[in-house]
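Notes follow the structure.
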Amino acid sequence: MNAPNQSSDLAPVDARISGQRLWERLCAMAEIGATAKGGVNRQALTNEDTRGRMLLLEWATARGYQASIDPIGNLFIRRAGRNPALSPVMTGSHLDSQPTGGKFDGVYGVLAGLEVFETLDDYGVTTERPMELVVWMNEEGSRFPPPTMGSAVAAGALPLAEALAIRDVKGADVASALQAQIVALPPLGQRELGIDAHAYIEAHIEQGPVLENETCDVGIVTGIQGLHAYEIQLIGAEAHAGTTPLRHRKDALVAATALIARIRAAIVDPLDVLRFTVGRFEVYPGSPNTVPGKVTFNIDLRHPDAAHLLGAGDKILQLCQGEIEGCPISAKVLLRSTPVSFDARVVGAVRDAANARGMKFRDIVSGATHDAKYTAQHVPTGMVFVPCEKGISHNEAESARPVDVAAGAQVLCDAMLAIMSA
Ligand code: HGY
Ligand code: MN
Ligand code: MN
């Protein structure tokens with residue numbers, strides 16, 4: 001590429017991202033935690049997650065960007081601007097994945113942000129404000145529930161001490177896993193908790209079929225639906241599978257399945273807008289010939305309307321009182337995040353950027369949750385979506401096209417520059 005002449009954001013330049021470099025970086029990152037079925041398993045604070053962060057830091061420090069980390073492990077990469085005292089224009093997403101995750105969920109937003117920084121370097125663009133790329137810790141919440149843990153703590157929605165004490169199914173807590181990661185990473189600047197940005201724009205795959213079905217190049221994300229996360233526990237009594245009559249049993253698994261059936265019946269939504277999922281279900285002691293003495297399961301509940309979500313959530317908590325099948329029930333609220341509408345100015349900058357590039361686009365509300373729901377509580381926030389194949393995500397078959405990931409990164413670049421001086 002011919003390096004264009006030196007310029008600054010005062011003299012607008014048509015900075016065009018490199019789709020090829022972005023695609024190469026996505027492929028390189030996908031090798032870390034790669035699974036046999038073509039996806040990734042890079043769960044938060046595992047060795048794979050640490051290796052992914054190390055690769056990103058390698059690319060970032062090669063460009064002279066400054067890296068820092070906050071007390072919950074959110075990683076910040078800063079591209080200097082003319083005036084360091086100004087709040088940065090921020091972008092970001094996450095590198096951690098589901099256990100059977102895809103190559104684009106989260107990673108795309110992180111590497112699209114890096115591509116924007118590198119493109120501005122290549123075009124010699126010096127911006128007035130610094131720019132920051134944040135890698136939110138544990139967005140997926142698959143190893144350590146709840147999801148969006150790092151951004152929730154940074155936003156003050158989840159106490160740091162509570163998050164650090166959360167354990168995975170093997171008993172490891174966030175604090176020790178985070179400490180192990182920090183020791184393995186290169187030395188990083190220390191960063192206080194908080195979200196300080198002039199604006200935040202995140203690029204992400206849609207994780208649904210709408211954009212692909214409508215042959216849109218990008219989606220202008222206007223908001224995110226609300227999400228409640230609960231942990232439910234039922235306590236029975238271990239007993240011998242062969243000698244214990246059913247009438248004498250306190251079978252926690254029978255109780256849990258009866259309770260889930262009751263909850264589903266109580267919150268059924270004929271419009272199929274409410275999303276109720278039990279994705280984690282632990283049976284203790286998990287022996288084929290011992291009656292289960294304890295069951296712990298997680299509920300993920302979502303809806304775009306705050307009142308409907310709250311109503312369903314309260315019904316669940318009412319049903320999770322007392323006992324069922326002789327087993328006492330306990331319920332823990334892990335997260336209650338309300339639906340979010342993004343800042344009109346930032347949404348407009350994303351829409352204008354797509355329009356100026358002659359792209360086909362549409363407004364869209366995100367069914368998936370994102371760290372942007374927490375940045376939106378503190379700074380003007382928006383997102384840009386790109387299509388993914390058949391809308392498949394949280395699945396190793398997740399896929400996206402080079403032309404689409406490039407288009408989203410270009411919109412991200414243009415929108416970040418536009419919001420810079422807004
Ligand atoms: O669960 C979600 O919506 C996100 O993809 N972690
Ligand atoms: Mn994601
Ligand atoms: Mn995800």
Quick check for me: using +1 on Lys/Arg Cβ and -1 on Asp/Glu Cβ, what's the dipole size of segment 226-337 about its Cα centre, in debye to the nearest 20? 120 debye
Using the crude model of +1 on Lys and Arg Cβ and -1 on Asp and Glu Cβ, and no other charge, please compute the dipole size for segment 169-235 relative to its Cα centre, in debye to 20. 380 debye
Taking springs between alpha-carbon atoms closer than 10 angstrom, which of I316, I77, I17 fluctuates most in the Gaussian network model of the chain? I316
Quick one: which residues, 5+ away or cross-chain, put their amide H under 5 Å from the amide H of R143? H built at 1.01 Å from N. A44
Using a ≥ b ≥ c from the Cα gyration tensor of segment 226-337 (square roots of the eigenvalues), is it rounded, prolate or oblate, where a/c under 1.5 gives rounded and otherwise the larger of a/b and b/c decides, a/b for prolate? prolate
For the chain, what is the mean residue ellipticity at 222 nm derived from helices alone (per DSSP H run of n ≥ 4: -39500 (n - 2.57); sum divided by total residues; nearest 500 deg cm²/dmol)? -10000 deg cm²/dmol
Helix 344-356 versus the longest principal axis of the chain: what is the Cα-based angle in degrees, 0 to 90, to the nearest 10? 60 degrees
Whole-number percent relative contact order across segment 128-282, with pairs defined as alpha carbons under 8 Å at least 6 apart: 10 percent
For the chain, which whole-number percentage of the solvent-accessible area (1.4 Å probe, protein heavy atoms only) is attributable to carbon and sulfur atoms? 52 percent
Going by alpha carbons, how many degrees (0 to 90, nearest 10) lie between the helix axis of 174-184 and the longest principal axis of the chain? 40 degrees
Lys and Arg at +1, Asp and Glu at -1: neighbours of A184 with Cβ under 12 Å from its Cβ sum to 0
Within the chain, which is the longest segment containing none of the GluC sites (Glu not before Pro) that sit in a DSSP loop and have at most 13 other Cβ atoms within 10 Å? 215-422
Would you give the gap between the C-alpha center of segment 128-173 and the C-alpha center of segment 65-102, rounded to a whole Å? 13 Å
Please identify, among G208, G102, G286, the residue showing maximal mean-square fluctuation in a Gaussian network model of the chain using a 10 angstrom Cα cutoff. G286
Pull out a ≥ b ≥ c, the square roots of the eigenvalues of the alpha-carbon gyration tensor of the chain, then state rounded if a/c is under 1.5, prolate if not and a/b is larger than b/c, and oblate in the remaining case. prolate
With every protein chain left in place, what is the accessible area per residue of the chain in square angstrom, probe 1.4 Å? 41 Å²
Angle, helix 47-62 long axis vs. longest principal axis of the chain, Cα atoms, 0 to 90°, nearest 10? 10 degrees
Quick check: the distance between the Cα centres of segment 347-422 and segment 9-58, to the nearest angstrom? 17 Å
Would you work out which of A184, G219, A203 lies farthest towards the positive end of the dipole of segment 179-256? Charges go on Cβ: Lys and Arg +1, Asp and Glu -1. A184
With a 10 Å cut-off between alpha carbons and a GNM built on the chain, which of P145, P187, P209 moves the most? P187
When only Cα pairs under 8 Å and 6 or more residues apart are kept, what is the percent relative contact order across segment 226-337? 47 percent
Going by average Cβ neighbours within 10 Å, how do the peptides 350-359, 270-279 rank, with the highest at the top? 350-359, 270-279
Place +1 on the Cβ of every Lys and Arg and -1 on the Cβ of every Asp and Glu in the chain, take the dipole about the Cα centre, and give the residue among A406, P285, I419 whose Cα lies farthest towards its positive end. P285
H394, H370, ranked by accessible area, largest first (probe 1.4 Å): H394, H370
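The values are calculated or read from the model by the stated rules, or taken from the named source; none is laboratory data. Keep in mind the model is a prediction, meaning the values are calculated, not measured. Neighbour counts run over all protein chains shown; Cβ positions are idealised from the backbone, glycine included. For accessibility, only protein heavy atoms count, side chains too; no ligands or nucleic acids. Shrake-Rupley method; radii C 1.70, N 1.55, O 1.52, S 1.80 Å.
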